[in-house]
Amino acid sequence: MQRSVPLHNKNSGNVLGLKMFRKMPMRFFVLVILGLVLVSCNEDSKLESEISKINIDFIIERFEKAYMEANSGDLPKLKQAYPFLFSKHVPDSIWVNRINDTLQDQLLNEVHKTFSNLQDVKDDLTSVFQHLKYYDKTFTIPKVVTLTNDVDYRNKTIVTDSLLLIALDNFLGEGHEFYQNIPRYLAKNMQRNQIVPELAEGYAKKYVFQTNRKTLLDEMIYFGKLLYFKDKVIPFKSDAEKIGYTEQELKWAQANESPIWSHFIENEMLYSTDSKLPSRFIADAPFSKFYLQLDNESPGRLGQYIGWQIVRAYAEISEEDMMQILQKEPEEIFNKAKFKPRK
């Protein structure tokens, strides 16, 4: 005689559980969610309180101000104070001509008008250094120097182990007359509130390690790590500021996570080594290139944005230290993240 498989007990338990689930009032679940949020917020508050107690002492040296006030006879003093800014291959006559150049005067005057006071920048940098010191006990505070670089917007900041340079003429405001010939998608981030995110990215590149950067997924995870680093080091900045989006662009990306992800999956882009994909979805651009009608509505760098969400999902599941996450290979992060886009 054939025996029946006794599944009814297991199933009845599931049914009972489901009935009990349905009888629970909605406010119960709301309270549970609120409780979890409060616990998370309390933990974050404790961490930030601990980090804020780390002692940091530095000054911002204003090279551009010293240069503006200098005459040709002051050049030896400037070279002695800032030897790292004067190449031995550039004759003194070039520097003297710059001191007397009216266009340089105009540039320096505009910087002085916009940045007569840098206390807010120093406060933010203090917090950055505190966070870096918390996550990296070997971190040492660099020499911080502001200057101008003839609006070389590809090199707004320079970060080394011992030196931090900020070219203030690249942060005068999106609509500044000096930026009229610069593409709008780049000029929109040439403003004061992007100084610290720029510097944080410079530091992120020093800490992020990745063997592979061949596929679109590799690039997405790499830039996702850079943005996750900003989550940890500049938590006082908004997500829009971290990625360099407007609030409207960020909302567009959030609202379209699911179709963006579906597009990547359905077109088998993640593991593709097509060299055109990074320029379409990773590099700075006025919009992302899906080759669809919605392109003009989209912000650029959506591959970076999705990579950020994948790394965040991995961090939440793994609960690993930030420094560990920055060293993980993209395949491991992607496989363990079980990323699901918001709908």
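Look at Thr160 and say whether it is under 17 Å from Asp105 (Cα atoms) and assigned by TED's automatic domain parsing to the domain that holds Phe115. So Thr160 does not fit the description; no.
Output yes when any residue across region 85-105 is out of contact with any strand residue (DSSP E or B) (no Cβ under 9 Å at 6 or more places or on another chain), surrounded by 10 or more Cβ atoms within 10 Å (Cβ to Cβ), at pLDDT below 95 and basic (Lys, Arg), and no when none is. Looking through region 85-105, at least one residue is out of contact with any strand residue (DSSP E or B) (no Cβ under 9 Å at 6 or more places or on another chain), surrounded by 10 or more Cβ atoms within 10 Å (Cβ to Cβ), at pLDDT below 95 and basic (Lys, Arg). Taking the listed residues Lys237, Lys230, the one that is assigned to a loop (DSSP other than H, G, I, E, B) and either at pLDDT below 95 or out of contact with any Phe, Trp or Tyr (no Cβ under 7 Å at 6 or more places or on another chain) (or both) is Lys237, with no other qualifying. So how many residues does region 104-142 have that are under 15 Å from Ala200 (Cα atoms), part of a helix (DSSP H, G or I) and of a type in the set (Val, Ile, Thr)? Adding up the residues that qualify gives 3. Just a yes or no: is a residue in region 243-262 in a helix (DSSP H, G or I), out of contact with any Ser or Thr (no Cβ under 6 Å at 6 or more places or on another chain) and under 28 Å from Asp136 (Cα atoms)? Checking region 243-262: at least one residue is in a helix (DSSP H, G or I), out of contact with any Ser or Thr (no Cβ under 6 Å at 6 or more places or on another chain) and under 28 Å from Asp136 (Cα atoms). Name the residues in region 284-308 that are under 15 Å from Trp261 (Cβ atoms) and surrounded by fewer than 22 Cβ atoms within 10 Å (Cβ to Cβ), would you? Listed by number, the residues that qualify are Phe290, Leu292, Leu294, Ser298.
The set of residues from region 71-94 being touching a helix residue (DSSP H, G or I) at 6+ places or on another chain (Cβ under 6 Å) and closer than 24 Å to Phe171 by Cβ comprises Tyr82, Phe86. Take the residues in region 268-313 that are among the aliphatic types (A, V, I, L, M) and part of a helix (DSSP H, G or I); name whichever of them is modelled with the lowest pLDDT. Only one residue fits best here, namely Leu294. Only one of the listed residues (Phe178, Phe223) is surrounded by 15 or more Cβ atoms within 10 Å (Cβ to Cβ), under 21 Å from Pro299 (Cβ atoms) and aromatic (Phe, Trp, Tyr). That residue is Phe223.
The values are calculated or read from the model by the stated rules, or taken from the named source; none is laboratory data. Only a predicted model underlies this, so the values are computations on that prediction, with no experimental measurement involved. Heads up, the Cβs are rebuilt from the backbone with ideal geometry, glycines too, and the neighbour counts pull from every protein chain shown.
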